[in-house]
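> Quick one: the structure is below, and I'll ask about it shortly.
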Amino acid sequence: MSVTATVETPLNDQERLFNVPVCTESWFREVIFPIAKAHNLSLIDDWGIFVSIQHENINLFVGELNTLCDCIEQLDNLSTRAKQHTLQRLNILSVETVRMLKTRSDIVVLIG
């Protein structure tokens, strides 16, 4: 299984094709979830089920992603390559989620 970002109710092809791979479920459980729990990152620790990102919480979400990235950079038990790959995926998630939310006011991006 994988953690991905998709549009909850797509209205057009751009929204239907929106699919941002984030990580595997095991990577989420082993690396991301412990950080999210330790730092109370409420919009990240529920990726195991699903979390909704919308205009009302995008700034909080981007801030939590930044905290997560900072923590990943400081991990001693990950290789440089694993860190870079994870940080790249999280950056793409942030950029693409913000971009998608700009397309219409009522759009919801699901991550899980």
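> Using the Cα centre as the reference, give the magnitude of the dipole from point charges on the C-beta atoms of the range 1-104 (Lys, Arg: +1; Asp, Glu: -1; all else neutral), rounded to the nearest 20 debye.
For this selection, approximately 220 debye.
> Under a crude label model (7 Å from the Cα following the beta-carbon direction), how far is Glu96 from Ser52 in nanometres?
2.2
> Let me ask something else. Can you run phi through the Karplus equation (6.51, -1.76, 1.60; θ = phi - 60°) for the range 48-59 and list ³J(HN,Hα) in whole Hz, with x for Gly and Pro?
Taking θ as phi minus 60°, the curve returns x, 10, 4, 10, 9, 10, 9, 4, 5, 10, 5, 5 Hz for the range 48-59.
> Per Stokes-Einstein, at 37 °C and 0.692 mPa s, what whole-number D in µm² s⁻¹ belongs to the chain, with the Kirkwood radius over Cα pairs as the hydrodynamic radius?
Stokes-Einstein gives a translational diffusion coefficient of 232 µm²/s.
> When only Cα pairs under 8 Å and 6 or more residues apart are kept, what is the percent relative contact order across the range 1-105?
Relative CO of the range 1-105 lands at 27 percent.
Quick note: the coordinates plus some simple rules give every number you see, no bench work behind them. Predicted, not measured: the structure shown is a model, and the values here were computed from it. Every residue, glycine among them, receives a Cβ derived from its backbone with ideal geometry; neighbour counts consider all protein chains shown.
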